[in-house]
1. Can you tell me which of 56, 31, 42, 14 is within 15 Å of residue 1 (Cα to Cα), small (Gly, Ala, Ser) and in contact with a Lys or Arg (Cβ under 6 Å, 6 or more places away or on another chain)?
2. Small (Gly, Ala, Ser) and surrounded by 13 or more Cβ atoms within 10 Å (Cβ to Cβ): is that true of residue 72 in this structure?
3. (1) in contact with a strand residue (DSSP E or B) (Cβ under 9 Å, 6 or more places away or on another chain); (2) modelled with pLDDT of 90 or more: which one isn't true of residue 62, the others all being true?
4. So how many residues does region 34-49 have that are farther than 15 Å from residue 71 by Cβ and assigned to a strand (DSSP E or B)?
5. From the set of residues in region 12-33 that are surrounded by 18 or more Cβ atoms within 10 Å (Cβ to Cβ) and part of a loop (DSSP other than H, G, I, E, B), which is modelled with the lowest pLDDT?
6. So is residue 73 among the charged types (D, E, K, R), under 15 Å from residue 1 (Cα atoms) and either modelled with pLDDT of 90 or more or assigned to a strand (DSSP E or B) (or both) or not?
7. So how many residues does region 30-44 have that are under 11 Å from the mean Cα position of the chain (by Cα), within 18 Å of residue 72 (Cβ to Cβ) and not small (Gly, Ala, Ser)?
8. Given (1) in contact with a His (Cβ under 9 Å, 6 or more places away or on another chain); (2) part of a strand (DSSP E or B), where does residue 7 come up short, assuming only one miss?
Amino acid sequence: MTLSIDTDGASAFAYEGVYRDGSLVGRVTSAGYSYTFGHDIALALLPLELGTPGTALEVSILGERRPARVIADSPYDPEGARGRM
């Protein structure tokens, strides 16, 4: 599944735990900060029943659980409307 993660400077990388209602439900396989979208984007292995877009989760980053949600598809900016660095 693709996740959007709210971060405050520290980014997810890989192998972070994904939690739902305090229980470990999956792991991040890869992630990074998206300058285009202004938040972390991650790919995670999760049970199928948690794959509905909008599902609220948490991802542990440097020992702190950060809010995350399942998003429909991997986001992109096909028109290049957002500036590049």
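1. 56
2. So residue 72 fails the test.
3. Residue 62 satisfies all of (1) in contact with a strand residue (DSSP E or B) (Cβ under 9 Å, 6 or more places away or on another chain); (2) modelled with pLDDT of 90 or more except (1).
4. The total comes to 1.
5. Ranking the candidates gives 12 first.
6. For residue 73, the condition - among the charged types (D, E, K, R), under 15 Å from residue 1 (Cα atoms) and either modelled with pLDDT of 90 or more or assigned to a strand (DSSP E or B) (or both) - is not met.
7. Residues in region 30-44 being under 11 Å from the mean Cα position of the chain (by Cα), within 18 Å of residue 72 (Cβ to Cβ) and not small (Gly, Ala, Ser): 4 in total.
8. It fails just one condition, (2).
The values are calculated or read from the model by the stated rules, or taken from the named source; none is laboratory data. All figures in this text were calculated on a predicted structure; none of them were measured in a lab. No Cβ is skipped: glycine too gets one built from the backbone with ideal geometry, and neighbour counts run over all protein chains shown.
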